[in-house]
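First up is the structure itself, then whatever we jot down about it.
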Amino acid sequence: MSLSHSELTEALGQLLPKVIEDCQALVQLERLSGGASQETYRIVISGSGDQRLLAMRRAAGGEEGEITAQHPGLAVEAKLMQVAREHGVPEPQVFHVLRPEEGLGAGFIMEWLEGEALGARIVKDPELDQVRPQLAHMFGETLARIHSIDLQASGLDQHLQHLSPEDYVRQTWERYQAFETPQPMIDFTARWLLDHLPQNYTPSLVHNDYRNGNVMVDPSGMVAVLDWEVAHIGDPMRDLGWMLCHSWRFGRAHLPVGGFGQAEDFFAGYESVTGQTIDRQAVKFWQVFGSFWWAVGCLGMAEHYRNGPDQSVERPGIGRRSSECQVDCVNLLIPGPVSLVAGDEGAGLVDMPRADELLTSVVTFLREQVMADTQGRTQFLARVASNSLEIVQREMVFGRAAAEAEVGRLRKLCRSEETQLQELRWQLVKGLRDGRVALDSPGLAEHLRGAIVNQINIDQPRYPGLATALEGGAGV
């Protein structure tokens, strides 16, 4: 179902007057920025009165893949939004779920709501200054309403996968192992999670991606909970731990709830609806799991880039964000002293123009010309492309020294004569997977800290988790 923008516009123009009340014609279709796993469109239609706006959510490339309990599909996502709306959760009204015979792929058309959904703007937009201190409590209240939905009465139990904490950890670990890339910190975290599984929970509807960036807000408060595509039935504390992950603080590391609020306000909002005290240890488990899950998810984006169907520049860029999540796991589980390797500014740079100068020229072109002359998704992807080139620049400076230091530590840790970094990583990973390497093995924590901290210094040195790690892992 790979359609060009013009083909998609034509097909949608034929469909809308048939399925949307008082729609005479499609006026404009615009794909919005972001959307690495799903596509989002802004639709302008005309009717008997003024023009009005709709939104469409569509599978990437229009191809949804196999519908399974783990991936129930966009039709179920639409149902989740409808059910949540009925239970007092702010949601847009869903008008139409796309059908195969309509030729548009998988997706649904819904009400357009005005508000801010970009997490980076929510944490700093002056228009939200008055409501921002109240958001953590509001987010807690709304999440509690989601968790209180009766699964049987709503029929959601017939569509969603039930995942126990152990099942979820093992499923995620197995997904990562299928990528065939040795990432020792991911294996270390999987082992830790299996050793600290929550013992008691009430199976509930879990949104599974409830965070700043997936909730639309405006100066009056919450407008809509978005992106239900990975919902399941499981431990509701999963959503609370995910909300606290560093990845969703957008530079405000000291405000653990989305970069705008404190955990206690979030918990108080939740408890005001449920009447039950939150188990803080269970939330900590799911916070660790959240970073583990997103570390694997980022690698999955890179894998998807290799295999299609959506081979946008965004996917490999997200792949390198795995180190952000891994440094968060370091800070939560094995904080301690660590240092950065010294870079070599002139390594291999002998041509005229040098490789770094070529990269700089392209980054400058993307940031100062392409981004200035474009908007929407093209502007967004130009920023992503420039960020990817800057990663390459930093790898040229720090990569060799970081690799040499890692080889030295691994040879000692694994008691190996091997000299190839990738083979040494595999030795450690296999030892972690089969239990031959204990989590408290001498030198293991120090090695993992050193490897991940130096990797994040290449991938995203401005990520707050790096500063946290260099300070010893405090304040996570």
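On the basis of being assigned to a helix (DSSP H, G or I) and either more than 30 Å from Lys284 (Cβ to Cβ) or modelled with pLDDT under 90 (or both), does Ser386 make the cut?
Values: assigned to a helix (DSSP H, G or I): yes; either more than 30 Å from Lys284 (Cβ to Cβ) or modelled with pLDDT under 90 (or both): yes.
Against the criterion (assigned to a helix (DSSP H, G or I) and either more than 30 Å from Lys284 (Cβ to Cβ) or modelled with pLDDT under 90 (or both)), Ser386 qualifies.
Of all the listed residues (Arg306, Arg238), the sole one being in a helix (DSSP H, G or I) and either in contact with a strand residue (DSSP E or B) (Cβ under 8 Å, 6 or more places away or on another chain) or under 17 Å from Val89 (Cα atoms) (or both) is Arg238. Gln171 - would you say it is more than 19 Å from Gln38 (Cβ to Cβ), out of contact with any helix residue (DSSP H, G or I) (no Cβ under 7 Å at 6 or more places or on another chain), part of a helix (DSSP H, G or I) and not charged (D, E, K, R)? For Gln171, the condition - more than 19 Å from Gln38 (Cβ to Cβ), out of contact with any helix residue (DSSP H, G or I) (no Cβ under 7 Å at 6 or more places or on another chain), part of a helix (DSSP H, G or I) and not charged (D, E, K, R) - is met.
Could you check how many residues of the stretch 241-268 are polar (S, T, N, Q) and in a helix (DSSP H, G or I)? Total meeting the criteria: 1. Search the stretch 104-120 for residues being more than 12 Å from Gly213 (Cα to Cα) and of a type in the set (Gly, Ala, Ser), and hand back the single one that is surrounded by the most Cβ atoms within 10 Å (Cβ to Cβ). Ranking the qualifying residues of the stretch 104-120, first place goes to Gly107. Please specify each residue of the stretch 124-156 satisfying the condition of being over 28 Å from Thr277 (Cβ atoms) and either of a type in the set (S, T, N, Q) or not in a loop (DSSP other than H, G, I, E, B) (or both). Matches in the stretch 124-156: Pro126, Glu127, Leu128, Gln130. Within the stretch 76-87, residues that are among the basic types (Lys, Arg) have Cβ atoms under 8 Å from residues that are not in a loop (DSSP other than H, G, I, E, B) in these pairs: Lys79/Leu156, counting only partners at least 6 apart in sequence or on another chain. Output yes when any residue across the stretch 69-81 is touching a helix residue (DSSP H, G or I) at 6+ places or on another chain (Cβ under 8 Å), buried (at least 21 other Cβ atoms within 10 Å of the Cβ) and part of a loop (DSSP other than H, G, I, E, B), and no when none is. No, every residue in the stretch 69-81 fails to be touching a helix residue (DSSP H, G or I) at 6+ places or on another chain (Cβ under 8 Å), buried (at least 21 other Cβ atoms within 10 Å of the Cβ) and part of a loop (DSSP other than H, G, I, E, B).
Counting only residues that are free of Cβ contacts under 8 Å to residues at least 60 places away in the same chain and either assigned to a loop (DSSP other than H, G, I, E, B) or touching a Cys at 6+ places or on another chain (Cβ under 8 Å) (or both), how many does the stretch 107-123 have? Step through it out loud before you land on a result.
Of the residues in the stretch 107-123, the ones free of Cβ contacts under 8 Å to residues at least 60 places away in the same chain are 108, 110-111, 121.
Adding the requirement that they be either assigned to a loop (DSSP other than H, G, I, E, B) or touching a Cys at 6+ places or on another chain (Cβ under 8 Å) (or both) leaves none.
Residues that pass the stated criteria total 0.
Name the single residue, out of those in the stretch 226-255 being touching a Lys or Arg at 6+ places or on another chain (Cβ under 7 Å) and over 24 Å from Glu166 (Cα atoms), that is surrounded by the most Cβ atoms within 10 Å (Cβ to Cβ). Filtering the stretch 226-255 for residues that are touching a Lys or Arg at 6+ places or on another chain (Cβ under 7 Å) and over 24 Å from Glu166 (Cα atoms), the one surrounded by the most Cβ atoms within 10 Å (Cβ to Cβ) comes out as Trp248. For first residues located in the stretch 384-407 and assigned by TED's automatic domain parsing to the domain that holds Met371 and touching a residue at least 60 places away in the same chain (Cβ under 8 Å), partners that are among the polar types (S, T, N, Q) and surrounded by 16 or more Cβ atoms within 10 Å (Cβ to Cβ) and lie 6+ apart or on another chain with Cβ distances below 6 Å form the pairs Ala402/Asn454. Based on what the data block shows, is Glu271 surrounded by fewer than 19 Cβ atoms within 10 Å (Cβ to Cβ), assigned to a helix (DSSP H, G or I), without any contact (Cβ under 8 Å) to a residue 24 or more places away in the chain and not hydrophobic (A, V, I, L, M, F, W, C)? Answer is no for this residue.
Looking across Arg400, Arg409, Arg425, Arg436, one residue alone is surrounded by fewer than 16 Cβ atoms within 10 Å (Cβ to Cβ) and either aliphatic (A, V, I, L, M) or in a helix (DSSP H, G or I) (or both). It is Arg400. Looking only at residues in the stretch 38-54 that are of a type outside the set (Val, Ile, Thr) and crowded, with 19+ Cβ neighbours inside 10 Å, which one is modelled with the lowest pLDDT? Once the filter is applied, the top-ranked residue is Glu39.
Can you tell me which of Ala282, Ala295 is under 30 Å from Arg377 (Cα atoms) and either out of contact with any Leu (no Cβ under 7 Å at 6 or more places or on another chain) or in a helix (DSSP H, G or I) (or both)?
On the way: Ala282 fails: under 30 Å from Arg377 (Cα atoms).
None of the other options fit; the residue is Ala295.
Can you tell me which residue in the stretch 172-220 is surrounded by the most Cβ atoms within 10 Å (Cβ to Cβ), limited to those that are hydroxyl-bearing (Ser, Thr, Tyr) and under 30 Å from Ala84 (Cα atoms)? Filtering first and then ranking leaves Tyr210.
I need the full set of residues from the stretch 342-378 which are in a helix (DSSP H, G or I) and crowded, with 16+ Cβ neighbours inside 10 Å, in order please. The answer is Asp356, Leu359, Val363, Leu366, Arg367, Val370, Met371, Arg377.
The values are calculated or read from the model by the stated rules, or taken from the named source; none is laboratory data. All values reported here derive from a predicted model rather than from experimental measurement. Methodologically, a virtual Cβ is constructed for each residue, glycine included, from the backbone with ideal geometry; neighbour enumeration extends over all protein chains shown.
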